[in-house]
Amino acid sequence: MATRNIMIVGVGGQGTLLTSRILGGLAIEAGYDVKLSEVHGMAQRGGSVVTFVRYGENVYEPIVEEGQADVIIAFEKLEALRYAHFLKKDGALVINDWRIDPMPVVIGAAEYPENIIENLKEKYNVYSVNATEEAKKLGNSRVFNLIVLGVAAQHMDFSVEQWHKVIERTVPPKTVEINKNAFDVGYQLVTE
Amino acid sequence: MAKTKKVIMLGNEAIARGAFEAGVKVSAAYPGTPSTEISEYLVQYKDSLYCEWSPNEKVAAEVALGASIAGSRAMACMKHVGFNVAADPAYSISYIGVNGGLVFMVADDPGLYSSQNEQDTRMVARAAKLPVLEPSDSAEAKEYTKLAFEISEKFDRPVVLRITTRLAHSQGIVELCEPCANQDKPYVKNIGKNVMMPNNAKPRHAVIEQKNAELALAANTMDINRVEMADTSIGVITSGIPYQYVKEALPNASVLKLGMVNPLPKELICDFASKVDRLYIIEELDPVIEEQVKAWGIEAVGKELFTVLGEYSANMIKAAILGEKADFAQPAQAPGRPPILCPGCPHRSVYHTLKKLGLHAAGDIGCYTLGAVAPLSVVDTTVCMGSSISSLHGMEKAKGKDFIKNWVAVIGDSTFMHTGVNSLINMVYNNASGTVIIMDNSTTGMTGHQDHAATGKTLMGDAAYAIDIPTLCRAIGVKNVISVNAFDLELLEKTIKEEQQKDEVSVIITKTPCVLLTKGRKPFCVVDTEKCKGCGLCLKPGCPAITKQADGKVMIDDTMCTGCGLCAKLCKSGAIRLVKEG
């Protein structure tokens, strides 16, 4: 199997690290060689955060480069736009339809781009979800990242059972049920 | 030793595991991205080793030195700039050598993810005449850590284990082994070796040159210096993380992978060079391998093609050597998203007040360096740990008391305990008049909440005496020591104004815990859109949870807001209300 390249992008504090660790755990469970790259330290403080997950027979570099990602999971629209060019031709771009203004926009030094998702759809295979709204329906707006991951899972080759098992092992014990439910919502959601 | 289990581990976690398997007895560190997690992972082995947060890297290196002299395997962990702080002991420990194996784990940060410079530890280690091992993934990180202790004891050299951010913070598969049996040695009194005064150090210098020469010779046949012979038209000498990029970019090339980058295996390199048509040297940051290889008269291409800046990648190597440009869509124009202070951060309140008063801040190393970022833009200088206080003092001595009436020094509690206190002693001693604000958030924040000498808890989770910062300041002779809650805007403003007018040193401690220290659902603020006049006052401190809507009124993101109430205090229309749900 050719090495699979997954990217998770978002804003520091949105749970990109947890999501990449779920993915990494899944791939190792399936018997692959796995490498993950994470971001810690200052960059995490509300900045643009990107983590990489690669799995396959034999993985060398721990990063995904431009034009190589099979799937990009974006927890925020502007971050989807920033990293979309990392996508392979016919790769899947899964976007949480959610806006967090970066400081240059907040202070009026820059404009938040209009119609990001519509514009990205012209160039890429985009699957968007308002996961934050969906998560509110579940009673916890913070599990939005598992919903986005569920949507992304539609474009990856692991079974629901495999996903559930690794979620059980990775998230805090008290939150296993809600996280599994959130994943299921995303996994069953029809997106376009 | 039977191999037991395969697991996925962060590079830093693998180093901790390697230290445990090597039988490390003592580890000391000061937190610094990207090295911090090593100590945090070491704690899980606390039944068989001791580990601590030391106040700074110099102390940590000396703690490790003591453990080594006593006869135990010891380690000190730090980031590259921390190794500068530890340079004083490191250069002379190099002359002493070891009793129990001694390793300095130093993490560089090419690409500056969380650092103030991009220095190359291999250069520092060469200057200190210390051997350097460099792993290229988590599995090697564990094995090289163990090997570092073996080399240290075999050649009587302290060894530097050098990693970079990409290794520290990437995960890969590691096979766990059983820890080795007790490695402790008896203490041996040896004044000639362990007392570095001129008459002893002079012969020791000759000894360590000889030891390093022996190590250089042994390097030619070490397994970690590995030739992977393939197509001989292209040969690459590389090490560390760049090895992975080389394998990805040039799967058919011949590769000499160096696991030890100081001293270099001259014979092995000359032999490899003679077998390939064109030799490339691919190393991030400085041309450390390249300059030595070229000095031996070997023809090679290195920094002619590759930058000394930032991180490398497979695409970069393909483009430089094969002329193959990667095929991908044009990146979109997107406004940047620089890191910022978190919603609810007490530093924001302090900076908002400083900005209101039109003051400049001499800054320091921590989250609060972000006070330099718009819209706050209050921090004028940031250099290194502790420098805020001493540089403010230098300004006063250059331009006089009146000049620094518009200035304060700002420093965090952990950084103050690291080296800031020395600088404060200097201010008192040399009759300074400046104002120092210790932004005490009860933790080492930037690196992810580590304890320190003023928090009352050790790395291993034991209760400890919490050094009282106000008492410490008074004890060294500061007469004006005032504690204020960072969110008490009126009192904070009044206090700063008063202390600025005094002709002696003042310390204001804004003691308010880091908002991330408490978990769980927090209260949040909501905007009454009827009352909001869209004046923008609440936007001034630059809280990321507040955004301006198309109609000019503001909206607060309740998933981000932590209910610090700063915006509500600033609002003159009473439009922001705190909801205590949590």
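The values are calculated or read from the model by the stated rules, or taken from the named source; none is laboratory data. The structure presented is a predicted model; accordingly, all values stated were derived computationally and were not measured. Here Cβ is always computed from backbone atoms with ideal geometry, including for glycine, and neighbour counts include all displayed protein chains.
Just a few scattered comments:
- From B:Thr518, B:Thr547, B:Thr529, residue being of a type outside the set (A, V, I, L, M), within 12 Å of another protein chain (Cβ to nearest Cβ) and without any contact (Cβ under 8 Å) to a residue 60 or more places away in the chain: B:Thr547
- Exactly one residue out of B:Ile425, B:Ile467, B:Ile437 is part of a loop (DSSP other than H, G, I, E, B) and either touching a residue at least 12 places away in the same chain (Cβ under 8 Å) or farther than 27 Å from B:Gln500 by Cα (or both): that is B:Ile467.
- Selection of segment A:113-128 for residues being crowded, with 18+ Cβ neighbours inside 10 Å and either under 26 Å from B:Pro343 (Cα atoms) or facing another protein chain (nearest Cβ under 7 Å) (or both) yields only A:Ile116.
- Restricted to segment B:1-104, the set of strands (runs of 3 or more DSSP E) holding at least 3 residues that are more than 20 Å from B:Tyr187 (Cα to Cα) and within 14 Å of chain A (Cβ to nearest Cβ) comprises B:5-10.
- Number of residues in segment B:176-195 that are surrounded by 14 or more Cβ atoms within 10 Å (Cβ to Cβ) and either hydroxyl-bearing (Ser, Thr, Tyr) or within 31 Å of the chain's Cα centre (by Cα) (or both) equals 7.
- Selection from segment B:326-369 of residues that are more than 7 Å from chain A (Cβ to nearest Cβ), assigned to a helix (DSSP H, G or I) and either touching a His at 6+ places or on another chain (Cβ under 9 Å) or not β-branched (Val, Ile, Thr) (or both): B:Pro346, B:His347, B:Arg348, B:Ser349, B:Tyr351, B:His352, B:Leu354, B:Lys355, B:Lys356, B:Tyr368
- Residue in segment A:14-26 that is crowded, with 20+ Cβ neighbours inside 10 Å, out of contact with any Cys (no Cβ under 7 Å at 6 or more places or on another chain) and part of a strand (DSSP E or B) present: no
- Just one of the listed residues (A:Ala153, A:Ala131) is within 13 Å of chain B (Cβ to nearest Cβ), of a type outside the set (S, T, N, Q) and either under 19 Å from A:Val11 (Cα atoms) or surrounded by 21 or more Cβ atoms within 10 Å (Cβ to Cβ) (or both), and it is A:Ala131.
- Scope segment B:221-252; condition surrounded by 24 or more Cβ atoms within 10 Å (Cβ to Cβ) and part of a strand (DSSP E or B); matching residues: B:Gly235, B:Val236, B:Ile237, B:Thr238, B:Ser239
- The residues on offer are A:Pro62, A:Pro113, and the sole one that is closer than 21 Å to A:Gly24 by Cα, over 15 Å from the mean Cα position of the chain (by Cα) and either in a loop (DSSP other than H, G, I, E, B) or modelled with pLDDT under 95 (or both) is A:Pro62.
- Every pair of residues 6+ apart whose Cβ atoms lie under 9 Å, when the first sits in segment B:233-247 and is within 13 Å of chain A (Cβ to nearest Cβ) and at positive phi while the second is modelled with pLDDT of 95 or more and in a helix (DSSP H, G or I): B:Gly240/B:Arg166; B:Gly240/B:Leu167
- Matching residues in segment A:1-17 - criterion: being closer than 25 Å to A:Tyr60 by Cβ and over 9 Å from the mean Cα position of the chain (by Cα): A:Met1, A:Ala2, A:Thr3, A:Arg4, A:Asn5, A:Leu17
- So B:Leu459, is it surrounded by 21 or more Cβ atoms within 10 Å (Cβ to Cβ), part of a loop (DSSP other than H, G, I, E, B) and in contact with a strand residue (DSSP E or B) (Cβ under 8 Å, 6 or more places away or on another chain): yes
- Exactly one residue out of A:Ser20, A:Ser37, A:Ser48 is at the interface with chain B (Cβ under 9 Å from one of its Cβ atoms), within 10 Å of the chain's Cα centre (by Cα) and not acidic (Asp, Glu): that is A:Ser20.
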